[in-house]
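The values are calculated or read from the model by the stated rules, or taken from the named source; none is laboratory data. Owing to the predicted nature of the structure, the values given are computational and were not obtained by experimental measurement. All Cβ positions, even for glycine, are placed from backbone atoms using ideal geometry, and neighbour counts span all protein chains on display.
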2 protein chains.
Amino acid sequence: MLENIQELIDQYIDLSFSVHRKGESLIRDQIGSDLTNDQHYILRYISQVKSCTSSELAEEFDVKKSAITAIINRMWEKGLIQRTRDEKDRRVVYLTLTDKGNQLYVNCEERIYKLVESFIKQFDPKEIKQFLETYEKLNQILIESKDDKMEE
Amino acid sequence: MLENIQELIDQYIDLSFSVHRKGESLIRDQIGSDLTNDQHYILRYISQVKSCTSSELAEEFDVKKSAITAIINRMWEKGLIQRTRDEKDRRVVYLTLTDKGNQLYVNCEERIYKLVESFIKQFDPKEIKQFLETYEKLNQILIESKDDKMEE
DNA sequence: TGTTAATAGTTAATGGGTTGAACAATTAAA
DNA sequence: TTTAATTGTTCAACCCATTAACTATTAACA
């Protein structure tokens, strides 16, 4: 029984790495060459919330603000993102998608959606639903574990 | 019903990114500061197969050989990896762990094992087993999808 | 056998992501 | 009003990835 658990743990470590690598490279191919994965996730986030700040992105993606600045700069140079200073609190800068950014996002998302759909459809809906439930639970455990560490 | 599937797809895309980020940063903290995730995965791979080549690593990790050279160089500078030329075919270089490399690996693996164990133990063994089965199936789908793309 | 092709690995240039520390501008708190 | 804290940026230093050109070596084959 103990050996069984050890096997599961090893299997999980191997799988999580493999799935991540394979999935990421497939999505990279789908997106096309002009957008990195990180840039796409930021595009996705801003599209969902419409408007946000650098600090919010740093919090959401769990990186330092200077990392966000670098990514946003590159996307701004490509004309995908707009920066607007808050008139009341002139420290904050709101980030929104330009028309070009939004258009690119919709285009990418469509292709990714079809790709992921082709994967998901190979499963019994019940199985994938159970899978996602466990996945979500795991995500919560990771978040809590990270919060615990922060408090030390 | 169609909406249901769309929800699952969105949920999967969000979750896979979130779990990956959280998990990776937690493991990074566990490993300690002197080893990146990529370096750890290479340490892990070499430890398992005892001896391998750059080409094998490039194949396994799905990157170009020059990327491997760069990583191995850094690990070699830290005294973790040994390079040995094949006497018969003098083009190939065998990579093995030094004592220091092996010691570091065992140390890291122990801490990561405990961390992942603490996660896994929060699940019903049946649930985690079912989860890993689906995960493995997904991994196979990704691998096949990648192979199909290669043939084009 | 001797030329050509394939293979293993490296180097260099370029681009992208990350951190940490220092900094300016602005706002909040005392 | 002086002092904190906050928002975001810049810079130097790493790490990882790709492409292209290159060396060295081995395999193929005519």
Search result, residues across region A:7-33 that are farther than 21 Å from B:Ile31 by Cβ, more than 7 Å from chain B (Cβ to nearest Cβ) and among the charged types (D, E, K, R): A:Glu7, A:Arg28
Options B:Phe119, B:Phe131, B:Phe123: the member that is more than 9 Å from DNA strand D (Cβ to nearest atom) and assigned to a loop (DSSP other than H, G, I, E, B): B:Phe123
Among the residues listed as B:Arg74, B:Arg90, the single one being over 19 Å from the mean Cα position of the chain (by Cα) and either within 13 Å of DNA strand C (Cβ to nearest atom) or among the aliphatic types (A, V, I, L, M) (or both): B:Arg90
Helices (runs of 4 or more DSSP H) within region B:1-64 that include 1 or more residues free of Cβ contacts under 8 Å to residues at least 24 places away in the same chain, of a type in the set (Lys, Arg) and surrounded by 13 or more Cβ atoms within 10 Å (Cβ to Cβ): B:2-31
Residue ID - nearest to B:Lys146 (Cα to Cα), chosen from residues in region A:113-122 that are of a type outside the set (Gly, Ala, Ser) and more than 7 Å from chain B (Cβ to nearest Cβ): A:Leu115
Test: residue in region B:41-54 that is modelled with pLDDT of 85 or more, on the phi > 0 side of the Ramachandran plot, within 17 Å of the chain's Cα centre (by Cα) and more than 11 Å from DNA strand D (Cβ to nearest atom): yes
Identity of the residue in region B:94-116, buried (at least 17 other Cβ atoms within 10 Å of the Cβ) and of a type in the set (Val, Ile, Thr), that ends up farthest from B:Tyr45 (Cα to Cα): B:Val116
Only listed residue being among the acidic types (Asp, Glu) and closer than 30 Å to A:Leu132 by Cα, chosen from B:Glu24, B:Glu77: B:Glu24
B:Lys126 being under 24 Å from B:Ser25 (Cβ atoms), loosely packed, with under 15 Cβ neighbours inside 10 Å and not acidic (Asp, Glu): no
